[in-house]
1. Could you state the angle between the C-alpha long axis of helix 5-14 and the longest principal axis of the C-alpha atoms of the chain, as a value from 0 to 90 degrees rounded to the nearest 10?
2. Based on C-alpha coordinates, I'd like the Rg and Dmax of segment 83-229, in Å.
3. Quote the accessible area belonging to ASP175 in square angstrom, nearest 10, computed with a 1.4 Å probe and with ligands, DNA and RNA left uncounted.
4. Sort SER212, SER91, SER69 from largest to smallest accessible area, using a 1.4 Å probe on the heavy atoms of the protein chains.
5. Mind running the shape call on segment 165-255? Use the C-alpha gyration tensor, a ≥ b ≥ c as the square roots of the eigenvalues: rounded below 1.5 for a/c, prolate if a/b tops b/c, oblate otherwise.
6. Give the calculated FRET efficiency between ILE187 and ARG289 to the nearest 0.05, with a Förster radius of 51 Å applied to their Cβ-Cβ distance.
7. May I ask you to give the percent of accessible area on segment 212-318 that is carbon plus sulfur, with a probe radius of 1.4 Å?
8. Fully extended, how many nm does the chain gain between SER296 and ARG121 (0.36 nm per residue separation, minus their Cα-Cα distance)?
Amino acid sequence: MRHLVPICLCLALAACGGDFSNDDLEFLNAFPRREDLTASMPGKTQGEAWGARVASKSAQQAGRLGDSSGIVGDTDETGLRFNEAVDGILSSLEAIQQYTPTKREPDRRVWGPIPGRNDMRFDTRFVMTREGERFDYQLQYRDIGEGEDAWWSFMSGSFQANGGVRKGEGSLIMDLKRAREERFLDIPFLDREEIHYQTRKLPTRVELVFVSNVPTLLPSRYIYREAEGDLAEMTFQILDTDFVQGGLREDVALTTRWAPDGRGTGILEIIKGDILGAKYTECWDAQGRVTFISRSWDFLNPTEGLRSSCPDMSALDR
């Protein structure tokens, strides 16, 4: 989303000087904070992801006691993509927050409009409205010189306050399909990118959704949660992998939970392909070494290691 940076620079040039009023701050508090939406990954304290990708292995090779956990590597790699997507959207909002609005009304703030110039063929503005404890905002464009009805929204967001400053539920939506239709931006395959979040209570929850016109191109949904004690969870899908030997390739859902010291648990469930519904469970220690394995389809040797080595993640069951 680096294409948003020039937009923010234009807004900065046109922003009014002066300090924020107390009412301005109420509007600004409706923006999500980076620390509330980004994921803290299990392997980051090691400087890099641990282990080979478990999705590239078969079920028989997925994990061995004492080896580095491949599930941690999968989660770190996916978490990096998750954070990059979130960062791309939030960076534009953070830039806007540095400048006072150009227009103030009792329940409305406007930054801009900024006339298109040089190679920009669009006028730009950012609009926020308030109704009670709900805030809505849009990053909008129109062809240069067009009227009020010509504005269209590239980014739309909302926040329902509940429980204190920056506590509540919100969403951000990037309309990439409309951007293509308006010849503003051409990102193929993706029609929409969405973030939905709740910071009102623990566990907090952030959901990242990609709406694609090629559905099998990439996982469509990632969910990140944090609970009391800094316990964390990431859920996503790995598509079209040969995890179980047989006639079909598999789609698997991976849920990973981890503690601040690095210990964790991962569960892979086959949602498409051979032995539908089968589950693979793996636990690891603070060094990322596998301590417990369970294969639901293996009747002769269903578990290895000690189940008691798995950390207590019950705070995430709420």
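The values are calculated or read from the model by the stated rules, or taken from the named source; none is laboratory data. The structure presented is a predicted model; accordingly, all values stated were derived computationally and were not measured. Here Cβ is always computed from backbone atoms with ideal geometry, including for glycine, and neighbour counts include all displayed protein chains. Just so you know, the surface numbers come from the protein's heavy atoms only, side chains and all, with ligands and any DNA or RNA stripped out. Shrake-Rupley method; radii C 1.70, N 1.55, O 1.52, S 1.80 Å.
1. 30 degrees
2. Considering segment 83-229 through its Cα atoms, Rg and Dmax are 16.8, 54 Å.
3. 50 Å²
4. Greatest to least solvent exposure: SER91, SER212, SER69.
5. Values: a/c = 4.43, a/b = 1.06, b/c = 4.19.
Oblate, since a/c reaches 1.5 and b/c is not below a/b.
6. Details: r = 40 Å, r/R0 = 0.79.
My answer for the efficiency is 0.80.
7. On the way: 2740 of 5360 Å².
Heavy-atom surface of segment 212-318 belonging to carbon and sulfur, 1.4 Å probe: 51 percent.
8. Values: separation 175, 0.36 × 175 = 63.00 nm, distance 5.83 nm.
Contour length minus the Cα-Cα distance gives 57.2 nm.
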